Structures are given as structure tokens and as C-alpha cells.
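Before any comments, here is the structure.
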Amino acid sequence: MAGILTADWAFFDVTNPSRALDFIRDNFRKGFRVIKAVGLCDGKGVTVGKTLKEAEEAIRDCLKRDKFGAAGRQILIEKKLKPRRGLVRGEFSMTVVTDGVDYQILLAAMDHKQVFDGDKGLNGGGSGAISHPDFVTAKVKRQFENDVLKPLLATLNNLKIKFKGVLYFGLMLTDRGPEVLEINVRFGDPECQVIMGMCQQGMGELLYRVATGQSIKDIKVKFHQGRAVYLIQMAEGYPGTVRRKGFQDGDIISGLEQVRPLKDIIFVHAGTTFSEKGRAIRTNGGRVTGIFCRRTGRRARELARQRTLAVVRMVNWPGQFHRTDIGEIGCEAA
């Protein structure tokens with residue numbers, strides 16, 4: 001309806017899983033490899049089938065085994081988009097805040113869904129993120145604004161929908177330009193942590209005005225210079241069933257006292273809880289803690305990456321794991 005570039009797709013639901021399985025068998029070699037649950041699944045509802053068997057199992061998980069409940073009873077099977085020639089990944093996100101008339105485009109970011117280095121392993125909710133992937137040039141940002149954002153807002157306006165809030169665009173830079181992987185009406189996670197960490201001023205006023213129905217026309221959010229890396233520490237077993245050995249409340253997290261005095265990082269508690277037993281902070285989820293670091297100058301991103309890896313060695317619990325290549329892989333210029 002809005003004429004926005006996106007992947008070819010087909011829709012299926014729980015009433016006829018056999019039709020979805022027949023479709024993937026007929027079209028897998030044609031590039032239809034992405035299985036998406038239509039509902040919200042904590043960032044785990046997308047499978048990119050490396051083999052036909054993987055794709056079939058993802059369909060069965062949604063339409064036969066009810067893995068995601070109501071969120072997975074409708075699915076899209078999409079053709080896998082290919083990044084622009086010369087790019088390793090090509091995936092990035094743009095976040096927009098709008099009052100229904102005016103809008104502000106925030107920082108470009110890139111997250112990593114797979115839990116292991118080299119973009120290997122299962123998709124989780126995000127293992128880390130960076131700001132400013134180098135291939136998202138000023139030209140690419142203009143293409144996004146003119147070919148994706150403005151057509152979407154115009155279509156909403158034509159439908160008499162005055163949307164106020166946050167729009168999150170998951171995108172792939174292809175040879176045709178930015179193509180849409182997903183649109184959500186929320187901040188991305190972990191991209192939000194990168195955006196907020198890089199914010200210098202104006203974000204609070206921007207969000208307050210949108211929430212209270214005021215114009216944002218004269219608000220300008222300012223961001224710090226440089227590049228940022230956000231690294232997530234995960235619990236053993238994530239993104240499946242996480243470790244629960246010995247303590248109902250999870251494992252004790254050690255080393256937090258070393259992190260508290262650090263002024264050059266932002267340490268995020270994501271999946272933690274305070275336990276009265278032993279008065280300790282324990283793990284309470286799959287993505288447990290996150291480390292944000294910003295650096296400026298030449299090699300800014302690499303310096304931020306090295307700093308997050310130094311800090312992550314201070315904080316530990318049994319079974320903790322993390323990626324080591326956030327800020328190193330897939331962010332090169334085209």
C-alpha cells in the first residue's frame with residue numbers, strides 16, 4: 001500500500017500447516033528461508049533456515065507445536081534478502097519519534113541476533129549492538145527517509161491514523177537500497193541502549209512531548225560524537241532454557257563492585273534480581289547484563305569494543321558467556 005521495498009512473502013496460519021510446509025519445500029531453493037511469527041516473541045520469533053529441515057522445523061514450532069502460543073499461530077515465509085555487494089551483513093536499524101506530524105530520526109544502529117561469534121548459533125533477543133555502522137552513509141539515510149519513512153507516514157495519514165510514538169525499522173541495505181525487514185512501534189533492544197547511551201540532550205523532552213500530545217517541531221536531540229559498542233552477557237542455555245542449578249533465584253553475579261566506580265561505561269542490569277538470601281544480586285533471565293562504552297577519534301569503535309571486553313572480564317557467574325566480535329563484524333563501509 002505504501003510502496004515500500006521489502007522481501008517477497010507468503011502468509012500462513014495454524015488452520016493449515018501442511019500448506020506452509022508444501023510452500024517451503026517448493027520454494028526453499030528459490031530463497032524463501034525466513035520464517036517469522038507474526039506476534040511478539042521476545043526477539044526469538046524469526047528463524048532463517050540454513051537447511052530445508054531447519055525451515056520445516058520452524059514452521060512446525062509455530063503452527064503445530066504452539067511454541068510461541070498465539071504469537072506464532074500466524075507466520076510469514078519470506079525470501080531472504082541479500083546485502084549490497086561488498087557487505088558482509090547489511091542489516092541495520094533506524095528509530096524515529098513522531099508526534100503525528102513532525103518526526104525526528106535518531107541514530108542508525110546495528111544489532112546482532114545470533115548468540116555466538118561470527119553470527120553463528122540461534123537467534124536471541126540480541127547479543128550486542130553498535131552505533132553508526134559505516135555503510136549507513138548520509139545517502140542511505142536520505143533513501144530511508146524518502147523511500148521508507150515518508151511513504152509510511154503518508155499512508156497512515158491517508159488512513160486517518162495519526163500515529164504518535166516510536167517507530168523502529170529493521171532494514172537491509174541491498175543493491176536496491178534500504179529494504180524493510182520489520183517495523184515495530186517501540187524502541188529496539190539492544191539498539192535502545194546504544195541510542196540512549198549516545199544521547200547528549202533533548203531525549204527526555206522529546207519523549208515527554210510525544211507522550212503528552214505536544215508538538216516536537218522545535219525539539220532537537222543532540223548526540224555525542226564518536227562510536228559506541230554495547231555488549232551483552234548471557235546465561236548458560238540462552239536463548240533456550242537458561243541455567244537454574246542450585247538456586248531458585250539464579251546464580252550470584254560476582255565482580256559488580258569493580259564496575260561501580262568506572263566512569264567511562266554504562267553498566268545495564270537487564271535480567272538480574274536482588275536476593276535477600278545472602279543479600280546478593282543474582283541472574284534472573286537469559287540476557288543478564290550489558291556494558292555500554294563510547295569512544296571518539298580514530299579507531300573509536302575498536303577502542304570501545306576492547307573496553308567492553310575488558311570490563312566483561314570483571315563480571316562473572318557460572319555459565320556466563322558473551323560474544324567477542326560486537327563492533328568488529330559486519331559494520332564496514334560498502
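The values are calculated or read from the model by the stated rules, or taken from the named source; none is laboratory data. Just so it is clear, the model here is predicted, and its values are computed rather than measured. Using ideal geometry, Cβ is built from the backbone for each residue, glycine included, and neighbour counts are taken over all protein chains shown.
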Go through (1) hydrophobic (A, V, I, L, M, F, W, C); (2) surrounded by 13 or more Cβ atoms within 10 Å (Cβ to Cβ); (3) more than 30 Å from Val48 (Cα to Cα) for Ala211 and report which single condition fails.
(2)
Selection from segment 274-290 of residues that are closer than 18 Å to Thr241 by Cα and in a strand (DSSP E or B):
Arg282, Thr283, Arg287, Val288, Thr289
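Looking at Asp189, Asp218 in this structure, which one is assigned by TED's automatic domain parsing to the domain that holds Lys141, among the acidic types (Asp, Glu) and in contact with a strand residue (DSSP E or B) (Cβ under 7 Å, 6 or more places away or on another chain)? Steps first, answer last, please.
Working: Asp218 fails: in contact with a strand residue (DSSP E or B) (Cβ under 7 Å, 6 or more places away or on another chain).
Residue meeting the stated conditions: Asp189.
It is to be established whether one or more residues within segment 46-56 are surrounded by 22 or more Cβ atoms within 10 Å (Cβ to Cβ) and either more than 20 Å from the chain's Cα centre (by Cα) or basic (Lys, Arg) (or both). Steps first, please.
Step one: filter segment 46-56 for residues surrounded by 22 or more Cβ atoms within 10 Å (Cβ to Cβ), giving 55.
Imposing the further condition that a residue be either more than 20 Å from the chain's Cα centre (by Cα) or basic (Lys, Arg) (or both) reduces the set to 55.
Scanning segment 46-56 turns up at least one residue that is surrounded by 22 or more Cβ atoms within 10 Å (Cβ to Cβ) and either more than 20 Å from the chain's Cα centre (by Cα) or basic (Lys, Arg) (or both).
What is the residue count in segment 22-36 for residues that are touching a residue at least 24 places away in the same chain (Cβ under 8 Å) and touching a strand residue (DSSP E or B) at 6+ places or on another chain (Cβ under 9 Å)? Steps first, please.
Just the residues of segment 22-36 that are touching a residue at least 24 places away in the same chain (Cβ under 8 Å), to begin with: 23-25, 27-28, 30-36.
Narrowing the set further to residues that are touching a strand residue (DSSP E or B) at 6+ places or on another chain (Cβ under 9 Å) leaves 23-24, 27, 30-36.
The qualifying residues number 10.
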Take the residues in segment 284-304 that are under 21 Å from Gln114 (Cβ atoms) and touching a Lys or Arg at 6+ places or on another chain (Cβ under 8 Å), then tell me which one is surrounded by the most Cβ atoms within 10 Å (Cβ to Cβ).
Ala304
Under 9 Å by Cβ, and 6 or more places apart or on different chains, what pairs join a residue from segment 92-106 that is at positive phi with one that is β-branched (Val, Ile, Thr)?
Gly100/Ile161; Gly100/Val210
What pairs come out if I take residues in segment 37-64 that are more than 17 Å from Asp119 (Cα to Cα) and pair them with residues that are at pLDDT below 90 and crowded, with 20+ Cβ neighbours inside 10 Å whose C-beta lies under 6 Å away, six or more apart or interchain?
Ala37/Gly45; Asp42/Gly125
Looking at segment 218-248, which of the residues that are part of a loop (DSSP other than H, G, I, E, B) and in contact with a helix residue (DSSP H, G or I) (Cβ under 7 Å, 6 or more places away or on another chain) is surrounded by the most Cβ atoms within 10 Å (Cβ to Cβ)?
Val221
